[in-house]
Each structure stands twice: as C-alpha cells, then as structure tokens.
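The structure appears right after this line, and notes come after that.
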Amino acid sequence: MEFFIDTGNIEEIKTAYEWGFIDGVTTNPSLVAKEGIGQEQLIKMISEIVDGPISAEVISTDAKGMLAEAQELAKIHDNVVIKLPMTKDGMIACKALSDQNVKTNITLVFSANQALLAAKNGATYVSPFIGRLDDIGQTGIHLIQEIREVFDNYGYMTKILAASIRHTDHVKTSALVGSDVATIPFKVLNALFNHPLTDKGLDQFLKDHQNSLK
Ligand code: G3P
C-alpha cells in the first residue's frame, strides 16, 4: 500500500518524508490557499523534497482550460499528476491526458459509477472522499469496497486513492479493503505511530536498563 501525505505545507512534508514511508503528495486548492504561495512555486518546492507522485489540481471548469493548465503543471516536474474534478469536462480532459500518457487523479469521487467512468477514461488514480461521506451519515469505506470490487471485476489498473482521511481507523480500514493508496493528513500520519503499550513498554525497558547499572 502506498502512503501519500495530503498537505501543501512544506514543513509537514519534510518531517513526514524523513520517516521513510511517504511515497507521494496530494494537494488541492484549499490546501494550497493555506500556504500563501502560488501553486506552481509550491509544487516545485515539493518536487525538490519528494521523489514520487505529486497531485496538483486544476482550477478551470471547462475541459479546454483544464488541459491548458495541465500542460503548464506538467512542465514543473515529471512527477506531477494532474488532479481533475469528477465532472463531464473533467472526464473529457482525463481522456485527452491519458491518451498523451499524462498521469491523472480524479478527485471528488463519491460513487462507484463515477470511479468506473474515470477508470474507463484511463485515470491513473481515483480519489473517493471517505471522510466527507461519513460526514453526511454514510459509511465512506463502503465506497472503497465497491470500487475495489468493480475494478477487480474488469481488471482496471486505475489505482484507488483513499482521500478525505480523518483518523487512524480510516487508514486501517482502507488497507483492509484493498485501497492501493491512502492520502493522509500530517496529524493522522503522526498518530499512526502511537500505542499506549509501546510507550509503557519502552518506559519499562529504559527503567530496567538504568536499574541494572546501579
Ligand atoms: O485532498 C482531498 C481530500 O483528502 C480532502 O479531505 O478533509 O477536506 O475532506 P477533506
């Protein structure tokens, strides 16, 4: 399973990348806006830290505009993945970019049918937003299960990228149902290390070691 970090914050990316298990980065316009730097500059800075896929999202809502933006974003670095919304225009742009072997990540996916359309148009990744489904009283993880089944039925190579992850249980359940990737906020990545018995056990080992020196 691949782990991406879901942030535009350079310090968070540097810290998490040092931990060794981060394979890539996802951003979105809301995350970029928080950083007070233009997207192009930010993606360039990220590409100097992380050697792996970096999703950069288009702002245009028409396919022509999306493709023009994609062309500029793709110039920043070979690792840039073009993030497109799950709309008709997004699908037109996805097909055109897939035909040119440009990697895409289809975002704001909330149904298995939407994921199927993206896979048919050659998307590299689909991003089901599980936390936002939980927010409206549904069970986000069920969507990943459905998409996994649909993709496996037909051998689609499009990767399932679990997004909108809010807590550590989302990471575990995404792994259990076979998500290819999880994009995880820094706070949740940080929490993945924790277990009270690890802390208690380590504390005891260190105490016993100190006592043995007396
Ligand atoms: O990057 C897309 C997604 O992970 C956003 O998550 O928490 O804003 O629903 P959230």
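The values are calculated or read from the model by the stated rules, or taken from the named source; none is laboratory data. Given the structure is predicted, the values throughout are model-derived calculations rather than measurements. No Cβ is skipped: glycine too gets one built from the backbone with ideal geometry, and neighbour counts run over all protein chains shown. In case anyone asks, the SASA skips ligands and DNA or RNA and just uses the protein heavy atoms, side chains included. Shrake-Rupley method; radii C 1.70, N 1.55, O 1.52, S 1.80 Å.
At 1.4 Å probe radius, can you tell me the per residue accessible area of the chain in Å²?
On the way: 11310 Å² over 214 residues.
I get 53 Å² per residue for this part.
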Quiz prompt | Other-chain or far-sequence residues with amide H under 5 Å of Ile184's (modelled H) | solution = Phe4, Ile5, Asp6
Quiz item: With r defined as the distance between the Cβ atoms of Lys44 and Thr198 and R0 fixed at 22 Å, what FRET efficiency is calculated, to the nearest 0.05?
Solution: 0.05
Self-check item: Backbone HN-Hα couplings from phi across region 179-184 [Karplus 6.51/-1.76/1.60, Hz, Gly and Pro as x]
Solution: 5, 6, 9, 10, 9, 10
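What part of the accessible area of the chain, given as a whole %, is carbon or sulfur when the probe is 1.4 angstrom? Provide the component values of the computation, followed by the final result.
Values: 5910 of 11310 Å².
About 52 percent, which is the carbon plus sulfur part of the accessible surface.
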Quiz item: Using a Förster distance of 30 Å, how high is the FRET efficiency between Ile59 and Ile136, based on the Cβ-Cβ distance and rounded to 0.05?
Solution: 0.75
Practice problem: Give Lys14/Lys83; Lys95/Lys187; Lys14/Lys75; Lys34/Lys103; Lys120/Lys187; Lys172/Lys207 a once-over and call out the pairs whose C-alpha atoms are over 27 Å from each other. | Solution: Lys95/Lys187; Lys120/Lys187; Lys172/Lys207
Quiz prompt | Amide H contacts under 5 Å for Ser55, placed H, 5+ residues apart | solution = Val25, Thr26, Thr27, Val81
Quiz item: Angle, helix 196-212 long axis vs. longest principal axis of the chain, Cα atoms, 0 to 90°, nearest 10?
Solution: 30
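How about region 1-89: which chymotrypsin sites (Phe, Trp or Tyr not before Pro) there are in a DSSP loop, with at most 15 other Cβ atoms within 10 Å of their Cβ? Intermediate results must be reported in sequence, preceding the final value.
Details: sites: Phe3, Phe4, Tyr17, Trp19, Phe21; in loops: Trp19, Phe21.
Listed in order of number, the matching sites are Trp19, Phe21.
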Quiz item: Relative contact order, percent, of region 86-214 when contacts are C-alpha pairs under 8 Å separated by at least 6 residues?
Solution: 18
Quiz item: Taking Cα atoms, how many degrees apart are the long axis of helix 63-76 and the longest axis of the chain, rounded to 10 and kept between 0 and 90?
Solution: 50
